[in-house]
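K.L.:
Just passing along the structure, written as structure tokens.
The values are calculated or read from the model by the stated rules, or taken from the named source; none is laboratory data. No experiment lies behind these values; they were computed from the predicted model shown. Here the Cβ is made from the backbone with ideal geometry for all residues, glycine too, and neighbour counts use every protein chain on show.
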Amino acid sequence: MSKIETIVNSLEDKISKLLHKLEVLQQTNAKLSEELAKSQSINLKQDELISTWEEKYENLKFTNSLLGSDDNKRETKLKINALIRDLDMCITQLSK
């Protein structure tokens, strides 16, 4: 009988230790999930910020080329030509 009690006590100890490890791992998992969510949120905000700054940069390049900057003249001419073509198409459609 004492051998069975020893085995049962041993199993109870092992189960207790496993349950404690499970609880610790669940807490760690919860913390890591929170950190991941925060990191993803920060990453999304940074992506939006980068997109905003890229748009501002493109607008600045366009403005500089209109003001006489030699760096982006070709791009500006192409954009102006595209705008003129669009206007011509609109005028053609309105005249029909």
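K.L.:
Since Ile4 meets every condition but one in (1) farther than 30 Å from Thr76 by Cα; (2) surrounded by 10 or more Cβ atoms within 10 Å (Cβ to Cβ); (3) of a type in the set (A, V, I, L, M), which condition does it not meet?
P.N.:
The one condition Ile4 does not meet is (2).
K.L.:
Given Glu54, Glu12, Glu23, Glu58, which one is modelled with pLDDT under 90 and surrounded by 10 or more Cβ atoms within 10 Å (Cβ to Cβ)?
P.N.:
Selected residue: Glu58, the only one of Glu54, Glu12, Glu23, Glu58 that is modelled with pLDDT under 90 and surrounded by 10 or more Cβ atoms within 10 Å (Cβ to Cβ).
The rows are residues; the columns are (1) hydrophobic (A, V, I, L, M, F, W, C); (2) outside any helix (DSSP H, G or I); (3) in contact with a His (Cβ under 8 Å, 6 or more places away or on another chain); (4) surrounded by 10 or more Cβ atoms within 10 Å (Cβ to Cβ).
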| site | (1), (2), (3), (4) |
| --- | --- |
| Leu32 | yes, no, no, yes |
| Lys45 | no, no, no, yes |
| Thr76 | no, no, no, yes |
| Lys79 | no, no, no, yes |
| Thr92 | no, no, no, no |
